[in-house]
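The values are calculated or read from the model by the stated rules, or taken from the named source; none is laboratory data. These numbers were taken from a predicted model, which means no experiment stands behind them. Positions of Cβ are backbone-derived with ideal geometry, glycine not excepted, and every protein chain shown enters the neighbour counts. Each accessible area value is taken on the protein alone, full model and side chains, heavy atoms only, with ligands, DNA and RNA left out. Shrake-Rupley method; radii C 1.70, N 1.55, O 1.52, S 1.80 Å.
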Amino acid sequence: MSAFEKLKSGIQSIFPNRSLVLKLVLSFLAVSLAGIALIGLLASNVTAHEFVRFVVTQRQDTLAPELSTYYVNHNGWNGVETLIQNSSSESGTDPVRPLVLVDSHGNVVFSTDSQFQHEKPSSQQIAFGAPIWANGQLVGLLIPTFPARNAPPRPPANDYIARINKNLVVGALGAVALSLLLGLFFSSTLTRPVKELINATREVAQGDLEREVPVRSKDELGELTKSFNQMRSQLKQSRDLRRKMTADIAHELRTPLSIILGHTEALSEGKLNPSPETFDIVYDEAKRLSLLVEDLRTLSLSEAGELTLTLQAVSPSDLVDRVVGAYLPKARGLNISLEADAEANLPDVQADFHRIIQVLANLLDNALRYTPAGGHLKLSARPASDGIEFRVQDSGPGISEADLPYIFDRFYRGDKSRNRQDGGSGLGLAISKSIIEAHGGRIGAESTMGEGTTITFVLPLFKETILN
């Protein structure tokens with residue numbers, strides 16, 4: 001087993017269940033080891049080569065004065081090899097480390113390098129030579145020839161290089177230990193939000209949607225945490241809405257069912273006469289249940305994107321006139337004035353005619369229900385920046401600012417004056433909103449307490465109208 005495998009096995013024994021931490025630590029350690037090994041090899045080779053260069057250059061500087069004296073005493077270079085070899089022995093340097101001695105004409109006088117026994121040194125090599133002077137005249141050059149980088153070091157370089165390598169190994173081991181510690185620290189820091197997300201995900205899987213994961217950074221992990229918190233918040237909101245809807249549906253079904261059951265039990269026990277009035281009450285409550293179920297079905301289809309729409313070119317004026325004409329008798333019976341106000345020559349909208357009639361009917365029903373006798377209703381249509389805007393204005397009691405943002409929620413109850421004892425299912429505005437949004441439009445409301453409410457929605461223009 002290699003040292004790296006032993007180290008990996010040791011770390012796995014310490015962190016058996018933290019695979020991501022282990023992978024990060026090993027990756028950090030592997031990169032560090034590669035960098036340390038590369039630097040160590042380069043440092044070792046360069047140190048060995050440069051040390052030999054230093055020794056050879058130093059030997060050159062020491063030997064040059066001796067050669068100058070030798071030339072003067074012997075009037076030439078005869079027998080100079082003996083001086084060079086004796087000088088190497090006395091200084092302890094390696095005599096085989098090559099030096100080349102050339103005369104003033106560049107001819108080789110003595111060389112321990114076989115390369116220069118048959119050829120002259122190059123001009124570049126001569127440039128590194130140490131000049132030898134005798135009686136004021138240049139009589140030669142002592143040229144060092146440096147070993148190749150992969151040549152093994154020789155005494156006295158061996159001991160020096162060994163010490164350098166030992167120090168490099170010690171430094172490398174220290175760097176590995178430091179890399180391991182840094183890897184543990186950084187991996188723990190990086191995996192902390194991941195572990196928090198894992199724990200939070202398990203809590204969500206068990207139905208706990210209350211705890212929010214803290215955002216600890218602004219990087220990708222921070223964005224992931226924000227997305228998770230947003231998802232958790234939406235799940236919580238959906239859960240709460242589902243619970244509220246279930247409770248509201250149960251409440252809405254309880255009243256008509258109680259009336260139907262009470263009357264049928266009384267009829268079966270003979271406590272109530274089977275009069276037409278009794279059957280009318282049972283029929284009305286059953287019809288109310290049927291309308292509630294149909295409204296829920298329409299709303300569910302729309303929110304699921306499965307509501308069938310037959311889109312065509314529809315005249316805004318036709319929509320306004322059709323709905324106002326249908327509700328004018330009812331409005332007169334309640335002593336409420338109903339006005340139609342559609343601008344002339346409005347372009348067609350792209351809509352399902354019957355669904356938009358359903359929306360306008362829901363809005364007028366709602367407005368008539370809460371507008372007092374002597375009040376006024378107005379249904380208008382006019383151009384908008386993104387289509388045609390329809391407005392239903394009433395002179396009712398208005399809706400408070402606290403309740404206004406929630407009036408399009410299913411079964412929402414705001415002001416107690418807006419109850420559903422008069423037949424409303426509590427789904428009309430929610431259905432209207434879902435139908436308008438299915439058309440690609442938008443819907444909203446404005447209201448002032450004591451002055452009335454205005455419901456506004458916008459439908460897109462028919463595509464051929466846009467092109468023209």
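General remarks:
- Qualifying residue in segment 388-405 (condition: open to solvent by 50 Å² or more (accessible area, probe 1.4 Å), in a strand (DSSP E or B) and at pLDDT 90 or above): yes
- Scanning segment 262-273 for residues that are touching a helix residue (DSSP H, G or I) at 6+ places or on another chain (Cβ under 6 Å) and either of a type in the set (A, V, I, L, M) or exposed (fewer than 12 other Cβ atoms within 10 Å of the Cβ) (or both) returns a single hit, Leu272.
- Some residue of segment 144-151 being out of contact with any Asp or Glu (no Cβ under 9 Å at 6 or more places or on another chain) and at pLDDT 70 or above: yes
- Every residue from segment 349-381 that is within 43 Å of the chain's Cα centre (by Cα) and in a loop (DSSP other than H, G, I, E, B): Asp352
- Scanning segment 294-322 for residues that are out of contact with any helix residue (DSSP H, G or I) (no Cβ under 9 Å at 6 or more places or on another chain) and over 15 Å from His354 (Cβ atoms), we see that the one that is surrounded by the fewest Cβ atoms within 10 Å (Cβ to Cβ) is Ala304.
So that you can scan it fast, the table gives a plain yes or no per residue for (1) in contact with a helix residue (DSSP H, G or I) (Cβ under 6 Å, 6 or more places away or on another chain); (2) of a type outside the set (S, T, N, Q); (3) farther than 30 Å from Leu33 by Cβ:
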position	(1), (2), (3)
Leu182	no, yes, no
Thr191	yes, no, no
Glu196	no, yes, yes
Asn199	no, no, yes
Glu203	no, yes, yes
Asp208	no, yes, yes
Val215	yes, yes, yes
Glu220	no, yes, no
Met231	no, yes, yes
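- Being in a helix (DSSP H, G or I), of a type in the set (Asp, Glu), at pLDDT 80 or above and open to solvent by less than 70 Å² (accessible area, probe 1.4 Å) is a condition met by no residue of segment 242-261.
- Flag for Gly426 being modelled with pLDDT under 85 and either of a type in the set (Asp, Glu) or assigned to a loop (DSSP other than H, G, I, E, B) (or both): yes
- Test: residue in segment 325-339 that is touching a Phe, Trp or Tyr at 6+ places or on another chain (Cβ under 7 Å), surrounded by 16 or more Cβ atoms within 10 Å (Cβ to Cβ) and modelled with pLDDT of 90 or more: yes
- Of everything in segment 356-371 that is hydrophobic (A, V, I, L, M, F, W, C) and surrounded by fewer than 20 Cβ atoms within 10 Å (Cβ to Cβ), the residue that is farthest from Glu389 (Cα to Cα) is Leu368.
This table checks each residue for (1) farther than 19 Å from Leu429 by Cβ; (2) among the acidic types (Asp, Glu); (3) part of a helix (DSSP H, G or I); (4) without any contact (Cβ under 8 Å) to a residue 24 or more places away in the chain.
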{"residue": "Arg288", "(1), (2), (3), (4)": "no, no, yes, no"}
{"residue": "Val293", "(1), (2), (3), (4)": "no, no, yes, yes"}
{"residue": "Leu296", "(1), (2), (3), (4)": "no, no, yes, no"}
{"residue": "Leu299", "(1), (2), (3), (4)": "no, no, yes, no"}
{"residue": "Glu306", "(1), (2), (3), (4)": "yes, yes, no, yes"}
{"residue": "Ser317", "(1), (2), (3), (4)": "yes, no, yes, no"}
{"residue": "Val320", "(1), (2), (3), (4)": "yes, no, yes, no"}
{"residue": "Pro329", "(1), (2), (3), (4)": "yes, no, yes, yes"}
{"residue": "Asn335", "(1), (2), (3), (4)": "yes, no, no, no"}
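- Within segment 44-52, not a single residue is surrounded by 13 or more Cβ atoms within 10 Å (Cβ to Cβ), at pLDDT below 60 and within 30 Å of Ala162 (Cα to Cα).
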